[in-house]
Structure formats: structure tokens, C-alpha cells
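Reviewing the structure listed below.
The values are calculated or read from the model by the stated rules, or taken from the named source; none is laboratory data. Computed from a predicted structure; not experimentally measured. In this analysis, Cβ positions are derived from the backbone assuming ideal geometry, glycine residues included, and neighbour counts consider all displayed protein chains. All accessible areas refer to the heavy atoms of the entire protein, side chains included, with ligands and DNA or RNA removed. Shrake-Rupley method; radii C 1.70, N 1.55, O 1.52, S 1.80 Å.
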Amino acid sequence: MGVEGSGTSAVPGVEEAWRELRRRLADHAAGMEPRETLVVSAQVAATEDGPAPYVMVSSPAGGADGWRLEAVSNGYLDSGHRLDEAAEEALCALGWSPPTYLPGEEGADGSANWHLDLPAHDLERAAWLLVRTLREVYGVVHPAFLDSSALDLDGLRARRPLPPRPRETRDPAERRAAVDALPVVRPDDAEHLARLVRETVAALGEEVDDDEDGDLLWTCGEASVAYVHVDEERPAVHLFSVLVVDGTLPDGGLAALDLVSGRLPWLAVRLAGDRLVVHHELCAMPFVPQHLVAWLARLAVEIDDVATEAAVLMGGRRFLEDEPAEAPAPSRAEVELDEQLAVVAELLVDGPVQPRVVAAVFGHDRGALVRRLVGLRQGRLAVLSDDLDGLLDALRAGLRWIVDEPDRVADARRRARRRVAPRPTVQSLLIGDEPDLFESDAG
């Protein structure tokens, strides 16, 4: 159930990318040797007690004619990615056979995974089934978020699209009236829903690019874009955006997740390799134009600023932001000397600086710290320091300190409540000093 588009007409769309993956799976399997196995797995942020979702195809030994397909079961899956009842029902509907024994046990037939045996001439069906399983059961939204040590995935990664054209300006009252005039409709099918989405965007007076799959590109700030994708299987509209690409700081990913989850709690957020992705599913039964407009307006206003901060934490860049180029060191006449940066740089001369100290230097102003980080990376700010990387690390640590501050305050309050002694009651004060109130003084 594809969730996001991947670019303009110059860039392969999500459906084309999945078709290409299906072709590559079939071609690779056709050349496999006996006992050879191909595994394709989903990229996930982290695992704790098991592997990420994966599918596999193997060529049987001894010249046997056919293919063994497997899809990982809950017996192996990491606890954070286990299948619910609906997902297992979807596997059954696709034709998979359920596990016949538990991991660690041995069985003559079957598998500890979901499995299916297909004859050799059903290679195309095998590739189709693996792709459908990755998309519809394990929730992989694009082949860009897959890994394989054996299969060539080059070129399937979503590339950066051309920036959408500037929007037309239209009087807000006219826009509101045009949208309010649109009816609430129960769509007949995906094609009907796609027309309703386009009519809604047209009522806004916006000129929006789209890719060959019909996914709309919605401009969000200076360097972010959201995709509007109509689900082909059920009445839903998916809003999807890649906030950060090319992240280089492994420890910054979790901090960026916390940042985005706190600032944009209305979006689902996840790490996919070196990317940070957000997504929302809008129910379209019935399709309410005002709902889509409200979500698009919120995306346009909020996600780019958050993407800027998340990119700094991850050491990456926003989706439409140009890759940083090596530039000659600017002269002092071309740059601006920043007082707060100079303070942190001087403190670093004597050794590491605590993140809380860096945060205090900037007055716990997250925006000010982000502007300094971006300015340093782009060479617009000067600082008298021989260790620019150390300065950048200190600033990022200070930014994480500011981002985590609400959680620290909440934790401190919880600890303080646990330390408070219970207030004495009248009865507890009397115990040991006075006879029980219900006892008579028999004398």
C-alpha cells in the first residue's frame, strides 16, 4: 500500500520503483545456485531482541525444481516490529502458510517462518509476492528503505526532486469560500478519491507539481516538501515527508526522534537509515476537503523549522537543501564574529564543556543555537578556534540538552514527589501516645 511519492516526472515514482524491484528480484533469483538464499530486509532505526522485517527466497538443493519463499514470523521478529492479528490475516490472504514449528525446533516439513513453495515457472509470482509482503504486511513505503547484501538496489533510492514551483497568492477569504463550497463525498474508488484531492488543491488556487504516479508535491517552507498520495487499496490519503537526509551522526538520530515527536506529535516519525521520515494517514471515508486543507496548511507552516533543527542534530540536511560544498575559508571582512560562539570556543580551550553550560551561554534559546550551527557549517560565521569539529559537537550537545529539558523537569518532579514524606494523620499522631479511640478505659 504505497505511502509516498518520490519525486517529479524526472524521477521514478513509487510504483515504478516497486516494479523495478520486482524485476530485479526475478532476474536475481533466476541466476541463483542451488542452496543459495536471497534476503531483503527493511531498514529500521534500531532493534533490541530480534531482526528487522525481512523476506527471503532460496533455491532448493539437489536440483529440485522450485522455490522456497519465507517471510519472517513473530518467532524471530524484534519485539518492536512484531505482526498483529490483521497483518497475519493479510499474510494468509496473500497465500502464505503459517509457521509449523517454533524457532529452535526441527521439523520435517514447513518452517518457523511464514513460508510458501512455488514451482520454477512461477518466478514472476514469487517476486510479486515478496514485494506485496514488504509493502502491505511489513509497511515498507518505498524500496529506498530496503537493505540486501546480495540484491542490487542502486538507483531505487528516492532522489531529491526538483523544488516545486512557487505558489500563487490568493485572498484567504476566497480560498476558504472555494473549499467550503466543495461537498463531502464518499469516494467510489482510488481514482475517484484522487480527483477529489486534486479538486481540493485546485480550490486553494495552488499550482502544485506531481509525479507520474499522481502524487502531489506540497511545498513546506524553504527546503521541505510533503507528498500527498492516494491509497490504491482503501479510502485513505497519505501525507509523507522526508525531513532529513544524509545524516552522519548516529547518536543524533534518537535526539532528532525525540525532537520531532515532541514538536510534531500529530505525525508518526521514524528513522530509516540516514533519513528521518514523518507520515500521517488521513481517513477518506467520507472525504472531507476541509480536513485535507487543514493538514496541508499545518505541514506548510511547521515541518520545515523542525526539519532544520533535526538536520543539525543528525549532521544531515533538509530534503531540498543543497549538499554542502567545500568553500575556501572566508576572510575576516566577509564573516561575522559571534559573541556566544566565541565564549564556547574559549571555554573549550581548557577542556570539554558541559552541555548545560553551552545551553546557558545561549540563554536556552534553541533557535539561536540552531542558527549558529547552520551559520558555522555554511561558513557565514567566524570563530577563533582550531577545533571546529569539537565546537560543532559541543553546540549539538547543548542543543540536545535544550531539547531534552522538558523530560528532565518532569523526571525531577516525579523524584521530588517520591521523596516527600507522607503527611501525618490525626490517628497516626495518636498511635503510641494515646489509647485507641475505640478502646474503653476499663480501669
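The fraction of accessible area contributed by carbon and sulfur in the range 12-154 is 45 percent, rounded to a whole number (1.4 Å probe; ligands and nucleic acids excluded). Placing unit charges on the Cβ atoms of the charged side chains and taking the dipole of the range 170-314 about its Cα centre, the candidate lying farthest along the positive direction among Ser261, Leu276, Ile303 is Ser261.
Taken about its Cα centre, the range 12-154 carries a charge dipole of roughly 300 debye when the Cβ of each Lys and Arg holds +1 and the Cβ of each Asp and Glu holds -1.
What do you get for GluC sites (Glu not before Pro) in the range 194-298 restricted to DSSP loop and a cutoff of at most 10 other Cβ within 10 Å of the site's Cβ?
Values: sites: Glu199, Glu206, Glu207, Glu212, Glu222, Glu232, Glu233, Glu281; in loops: Glu206, Glu207, Glu212, Glu222, Glu232, Glu233.
Qualifying residues, ordered by number: Glu233.
Over all other residues within a Cβ to Cβ distance under 13 Å of Leu182, the charged ones net out to +2, with Lys and Arg as +1 and Asp and Glu as -1.
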